[in-house]
Every structure is written in C-alpha cells, then in structure tokens.
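To start, the structure itself, in structure tokens.
The values are calculated or read from the model by the stated rules, or taken from the named source; none is laboratory data. This structure is a prediction, so every number in the text was calculated from the model and none was measured. Backbone-built Cβ (ideal geometry, glycine too); neighbour counts: all protein chains shown. Accessible surface areas use protein heavy atoms only, side chains included; no ligands, DNA or RNA. Shrake-Rupley method; radii C 1.70, N 1.55, O 1.52, S 1.80 Å.
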Amino acid sequence: MTTSTSTTDTKISAPPVRGTDYAWYAAGLLVLLIVPFFIYPLFAAKVLCYCLFACAFNLLLGTSGLLSFGHAAFFGSAAYICGHALKEWGLPFELAAILGTLTAASLGLVVGVVSIRRQGLYFAMVTLALAQMIYFMAFQMPFTHAEDGLTAVPRGKILGLFDLNNLYVLYYTAAAVFVIGYALIVRITNSTFGQVLKAIRENQPRMISLGYSVNNYKLVVFILSAALSGLAGATKTMVVQLASTVDVHWATSGDVTLMALLGGVGTLFGPVVGGVIVESLQFYLADSGLPIQAVIGAIFVVCILLFRHGIIGEYQRLRGKH
Amino acid sequence: MAELSLSISDLHAFYGDSHVLHGVTLDVPAGEVVTIVGRNGAGKTTTLRSIMGMIEKRTGSITISGQNVIASPPEKIARLGVAYVPEERGIYATLDVTENLMLPRKVNDSGMTLEKIYELFPNLHARRNSQGTRLSGGEQQMLAIGRVLRTGASLFLLDEPTEGLAPVIVQQIGKAIELMKAQGHTILLVEQNFRFAAKITDRHYVMERGRVIDMIPRADVEKRAGQIQQYLGI
Amino acid sequence: MSTQVLFGQLLVGLINGSFYALLALGFAIIFGLLGIINIAQGTFYMIGAFGGWMLLNYFGLGYWWGLLLAPLIAGIVGMALEKTLISRMYKLDHIYGLLLTYGLMMFIMGTFIYFFQTAPRPYPVPPELQGGYNLGFMFLPKYRAWVVLVSLTFCLGTWFVIEKTSVGRNLRAATENPMLTRAFGINVPALLTFGFGIGVALAGLGGVLAGPIYSVSPIMGGDLVIVVFAIVVVGGMQSILGAVITGLSLGVLEGLTKVFYAQGANMVIFVIMFIVLMVKPAGLFGQEK
Ligand SMILES: Nc1ncnc2c1ncn2[C@@H]1O[C@H](COP(=O)(O)OP(=O)(O)OP(=O)(O)O)[C@@H](O)[C@H]1O
Ligand SMILES: [Mg+2]
C-alpha cells in the first residue's frame, strides 16, 4: 500500500558467526573471573544460570528459526530432578546436574517428536501447550511438593572437595557450568551441523530435495537445546536451593524469550546480555513498588516495535553498515 | 459514469529486492482496448498488479483519468471503477459461486445484474451453489470475468483471460469482452493469444524484460506481422 | 458415586466448555484473519470481567449493562491495539505477532495487578437469575443455565454471520486472499481491525458471564489461554466450527474426568491434544497445509 516499505526486516536472520573473536572470549572470561568481587556472588551465579538458559533457548531459535514457547518445561523439570537428587538421594551436584540434564533431554525428545513437524506459529503453540502439561504434572507428582516446591535444597560439595555453601565456590561452579554450556553452543552453531540447520531455515524445500532429513536435524537441535536448558535449570536449583512451579510455568518460557529477543536473536552473545538485563531488572524492581510484570511487558512491546534485532543484533547491524 | 483513461509513466516495481519493472510507460485512452504482449516473465502481470496497487514497492506515476494513484491502496483504486481479472483467476475456495460473484464492491449501478451474468454464462448458473474452486478451469475463468461485470467498473484489467481454454470457451469469453467494448469501457488486456487479441485491440504494446519496447497501432498489425512474431518468439 | 455429583460435574464442564468455546472461537477468527496468535485472549476475558465489575462499582450500572457494555469495551480496546500496534506486525515474521501480544498481556495484566491486586472480587448474580430449578436428579442454578444459553447463542450467531452474511463473506475472502480482496474494493485493513475486535469481544463476553461464577481477578485469564490454545490445536487452527465443538466437548470431558480421576482433570485436554497431534496433526476439523 505504500511505495517504500523495506522488506529487510521480515525475517529473523542470524548474522554470520565469527569464530575468531578470541580477544572477546578472553575479555569475557576475565569479566567472569572478577565479577564476584563487585557483585553479590549468589545473584551473579543465578544470573549466569538464566543467561545459559537464554543461550540454550536461542540455540534453537537462532539456528533453526523454531520459536519454542515451552522451554520452561525443560528448565523446570531438570530443576526438580536435580533438586530431588540433591535433597532426597544425597547425590553430589555433578551427578544431580547430569541427571537433570538427561531428564530435560528425554523430555525434549518426546516434545520434539510431536511438535517438530509443525512449523512457525503452530510449533510455538504446540510446545507451549505441551509444556503446560508438564506444569500440571508438577502439581500432581508427589516429589515436587506442589505449591511449596522443593525448598532448602542442600548444595553439597563440588568434586567432593569444595563446599558449595561458600559463595565464591558457588559462583565459580556456576560460572564453569556457564562456560561449558556456552562453549558447546558456540561449537554447535559453527559446526557443519549448525550450518545445515541454517541452510534448512533459509530454504527447506531445497535441503529436502538435496536429501537431508530435515526433521531429524531439527529434532537433534531441539534436544540439544532442551538438554542445555536443563543444565541451566539444574544449576539454578543448586544455586538458589529451590525448585518450584515457577520454573515450569509458561511465564518462565516468556521470560527466556524476552531475554533472547532483547539481547538479539540469532546472535551468540545477545541472550547473555538479555539475561543480565532481565534478571537485574527483576531484582532491582522487586523492592521499587513498581509493577515488575507491567514494566517487563512494556519493554517487550517496545523492543518488538523499535528494535527487533535486539541490543547485540542492532549493534552488529550498525557496525556492518559503516 | 465517465469512461476511465489510464496513463503510466516511468513505472518501476520490485518484489522484495528484485527489480522487475524498469520504467514502463504506456497509455490507455478512454474507451479503447489496449493489449500488452510479450514473452513469459516480461513483466505483464506485474504491470497490471502495479496498476491495481497490489505491488507494495512501486515508483513512477500511474494516473487514472488524471488522478495519480501510485501511492493508493488497492481498495481505493478499485473504487475508482477499476476491475481486475487476475491471471491465476483468484477464485475463492471458501466462497460459493454466487458469493464469488457478489464479492467485488459495486462502484455504481451501471453494472450487470446477477441474473444477466448468469444469462451470459449459463454454466455458472448451473453450478451457483458449488464451492468456487470446485469448478473446471474454464468455468473458473468465466467466474473471474463474470465477477467484474457486476460492479459497474469502466476500466478493466484482464490478465490472459483465454489461457489454457478450449476454443468454444475462448469464443464465449471473447463475447463478454466485446460486450464490454461495445458499452464503451476501457480495457487493458494481457494476452498471449495474438489472433484472439488482434480482432478487438486498438493498440498493442510489446514488453520485454520489464520495459515497453514497441507500440503497434491496429492499422499496422498486418504490415508488421513478421516483426510481431519475432517479438513473441513464435 | 451419586448421580448428583456426576451431573454436577457435567454442568461445571458444560459451563467451562462454554467459556472455552467463546474464547477459542474468537481466537480462531483472529488467527485465520490476521495470522496472529493472540496470546492475550485470556487478558480480554479478564478485561470483560473487570469491565462489568467496574461498571457496577464505579458507575452503578448493573449486570445487564455489564453484559452489553463490557464486551464492547473489550472489543474497542482490542481494535485500538490492533490499529496502533498489532497491525505493524503483519509484514514481519509471524512470531513477532505472538511476542507482541505476549508483551501486551504482561503489561495489561501487570497493570491490573498493580491497581487491583490478585484477590478475587465478587460480582453478584443479577436478581432475575438467582435461584434455580430442581430437575429431580440435580439442582440447576438459573445463572449457570443462562451462561450456557448465552454462550451457545453467540457461538452460533457468530458462525451464522461468518457463513451466511455479506460481512462474513468479506471476512472469509479476506482470510483466504487479502490482497486480491482489496483489489475488489474491500477495505481489508478495516476488516482486520473489525475482526480482531469481534475476536476479543467474544472473550470479553466470556469474562462478564464468568464474573458471577468465578469472581473477578486480574489473573483470571492467565492460564485459561493455554487451555484455549490446546483446544484450538485439537479443533484445527482456523476452523470456526471446530473451535466451538471442541471447546464445548473438551469442557465436558474435563468435567467428567474430575468425577472419575480428579488428579487428571487439569491435564486431560492436553493429553487429548498430544494424541490428536500424533494422529491427525492438522486437528480434528482442520485441513492439512
Ligand atoms: N512474487 C514474485 N516474487 C519475485 N519475483 C517475481 C514474482 N512474481 C514475478 N516475479 C518475476 O518478475 C518478472 C515478471 O513477472 P510477470 O509475472 O510480471 O511476467 P509475465 O509477463 O506476466 O509472464 P507470463 O507471461 O509468464 O505470465 C519475472 O522475471 C518473474 O520471475
Ligand atoms: Mg503473467
């Protein structure tokens, strides 16, 4: 209807990943190392868990273009399993986290098999509805303790040596988990597998005709994304010593979507930025008397209307232009 | 309603980033039948869609009886009295035949009544309660043409109305177009069937790769038959 | 188990089914016409309920005014949002529409919670509809019968308008091929605004109807919308009739589950969805595309 509408914005597009930014990685590691001396380590550790969650979520959206609106199911189920393993079975965190991650991965397999054939909006709706099933199950299962959740989860020792109740040990453990997860995500994104996924996203019919089993590729990345979300959820339980229905509620799926969107969907580092912003907002607004939910909703709306590519995405676009 | 004239100059059109029309200029005087010919992919359909306002990215000028409509939305253009028969026919599956016929908004009362249209195309009357897309190709084409006769439009954009149809039906469609012409309406026709078009056309424009490369008035058609064949690659 | 309990739960199921049907119908219209997943559908249900409550408490306008005006309010709010914000999403990747309505939902819900807190507020049954009928095997409160009646009437009415009138014909045409429909002189952008208004007004109607039964609270539509999603997936995303039939029957099924296996009641709709997705991915009334 107008003569000058630009159509460059119409697809969420992943800019090419630069694998050679080692200087940036080194700087990032340095920041991770010194953070607990400036910021309350417990809070920083929690933020890192959500950042990893956002990166895991974005692994799916950024590479395959599939928007899952049910990632809380993976995050939350791993949170519960890890909590249960720590509290009831007395397992060390390493094992509990692995159990949680495996749970999330198997759940990812089930949800993925049902939803992966659906595209776009259908996929979002189906994942959301399936995740809601998990949410109701969290109320029914005996070990989740319904509304109360798993409280006062003991942290135990890491590697059998260091007491995780020491906030620095706690922080560096969370940081290590984050680094491992993030490195995996970078690796997956840059691998041939990641490139095939991008090609599928750009031209699915072509990839099908080239003989790629498109749905299998999508399923694998879905499971990987679910597993890493689980790793984030499991670590979060250990850090805050709590697993509750909030973790599996769809608002958590919404939050993680906002993190990725705000930071920049399809950028590797964007979700980290988004995670830090959203978590900090929630933390600092908590006592301000402002309606947090409304503020976050407003940010969401503004973000979609004005800078859809997110902070990192817009930055990259600007740099790319000049 | 006064007959409409159409004048296009330096029209550019784009699908996303691909630049398809490169400065099309042509004139359709009121009451005349003008035909655009050209090979596949020359930009004929895109030209019609641009006139109709259906191509989002377009520049240049399109004036309908003096009014520039380059920035107008399709519904505004239609309401000036422009009717469009698309190449792909555009029959609605969720509407039955009568609903398909009744869909276009009337611009005045000079158009045909539903009964008249059914009289012109008895096949349609027989199938009036069928789902639009259950009709045969020929019936769908009749429906597409019948659909624009009701509105009282006076500028018709017809995109290959005889494409893929049996001779009998081509005749029937030809009758409908002649009827429009007899009523003094202005017609911009895109047609591959040159023999069909030549009978009713006042001037031919030849398009190639998004440009108008020649104009052949009715009087010259016989003289330049060889050249025309070359243009069309026959 | 007594027949009292059975029929009681059946009735509850039918009532919930009526709300599901209203919301799912509105949702399906919006999805078909605009290609937008309106995750804020439950929010408009809440706005409808609050509309009724506010009319009563701030303006002294009773239930009947509420029933008339609250859906209108929801519809007008919806049309304003469509015109100013949602319409900007049509040219973008579809998921932005979902994300935008999600943001709107959080904003509206958060604002309501800020001003009204989450505690439920009573909204009385109008005097004309108090009491009930003793059917012998069960007691049928008048108001509940009324809710089912009104919902069904509006669902059928909406279906009639869409299938049998010229407005509905234009809506169907705009759903199928918006650009060509515009070329036939039909103002499709206005039609989209109107369609969104109708879709959310149906949710608003559900909200006022629900007020006297479930009380009014800012969080009342929050989880409901996910159930509506599941229903629409089961019914077949764009199918109007599918939304209504699935909404009602899954409501009843949910009620029955409460009788036979209470723990599963919340989940039964999602289990059905799961099965339908495995067996007939396009939904019971949908066409594969
Ligand atoms: N939707 C589209 N997106 C991108 N390019 C398009 C689109 N439609 C047409 N084109 C391109 O624009 C050019 C002109 O197409 P157009 O349909 O106008 O040709 P035409 O002259 O009508 O051809 P035909 O005789 O085959 O109908 C072609 O090169 C075509 O590939
Ligand atoms: Mg063509």
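With both labels modelled 7 Å from their Cα along Cα-to-Cβ, the C:THR84 to A:ASP21 distance reads 3.7 nm.
Whole-Hz Karplus values for region A:288-300 come out as 7, x, 6, x, 3, 4, 5, 5, 5, x, 5, 4, 3 Hz, taken residue by residue from phi with 6.51 cos²θ - 1.76 cosθ + 1.60 and θ = phi - 60°; glycine and proline positions read x.
In chain C, the calculated helix contribution to ellipticity at 222 nm averages -24500 deg cm²/dmol per residue, counting -39,500 (n - 2.57) for every DSSP H run with n ≥ 4. The modelled label-to-label distance between C:PHE160 and B:ARG39, using points 7 Å beyond Cα along the C-beta direction, is 5.9 nm. For the segment B:92-99, counting C-beta atoms of other chains within 10 Å of every residue's C-beta and taking the mean gives 5.
Once you reduce region C:28-72 and region C:90-105 to the center of their Cα atoms, the two points are 21 Å from each other.
Annotation note: chymotrypsin sites (Phe, Trp or Tyr not before Pro) in region A:20-72 located in DSSP loop regions with a Cβ neighbour count of at most 10 within 10 Å are A:PHE38. Taking every DSSP beta bridge that has both ends in chain B, the antiparallel portion is near 55%.
Under 15 Å of direct C-alpha separation, and excluding same-chain neighbours fewer than eight residues apart, A:LYS218 reaches these aspartates and glutamates: A:GLU202. Taking 7 Å steps out from each Cα toward its Cβ at C:LEU140 and B:ARG218 produces label points 7.5 nm apart.
Among DSSP bridges having both ends in the protein assembly as shown, what percentage is antiparallel? Round to the nearest 5.
Numbers: 31 of 49 bridges.
Roughly 65 percent of the DSSP beta bridges within the protein assembly as shown come out antiparallel.
Counting Lys and Arg as +1 and Asp and Glu as -1 over every other residue whose Cβ lies under 11 Å from the Cβ of C:LEU129, the net charge comes to +1. With K and R counted +1 and D and E -1, the other residues having a Cβ less than 14 Å from that of B:GLU208 yield a net charge of +3.
The heavy atoms of A:LEU262 present about 10 square angstrom of accessible area, all protein chains included, probe 1.4 Å. At a probe radius of 1.4 angstrom, the accessible area of the protein assembly as shown per residue rounds to 40 square angstrom.
Loop-only chymotrypsin sites (Phe, Trp or Tyr not before Pro) in region C:205-272, please: DSSP not H, G, I, E or B, and at most 13 other Cβ atoms within 10 Å. Mind dumping the intermediate values first?
Numbers: sites: C:TYR214, C:PHE229, C:PHE260, C:TYR261, C:PHE270; in loops: C:TYR261.
Answer by residue number: C:TYR261.
Which entries in B:LYS76/C:LYS91; C:LYS142/C:LYS164; A:LYS46/A:LYS157; B:LYS106/C:LYS91 show an alpha-carbon gap greater than 24 Å? Distance filter (> 24 Å) returns C:LYS142/C:LYS164; B:LYS106/C:LYS91. Ordered by 1.4 Å accessible area with all protein chains kept, C:MET109, B:MET52, C:MET54 run largest first as C:MET54, C:MET109, B:MET52.
With all pairs of separate Cα atoms included, chain B yields a Kirkwood hydrodynamic radius of 17.9 Å.
What FRET efficiency would be calculated for the residue pair B:ALA126, C:VAL167, taking the C-beta separation as r and a Förster radius of 30 Å, to the nearest 0.05?
Computed FRET efficiency for B:ALA126 and C:VAL167 comes out at 0.60.
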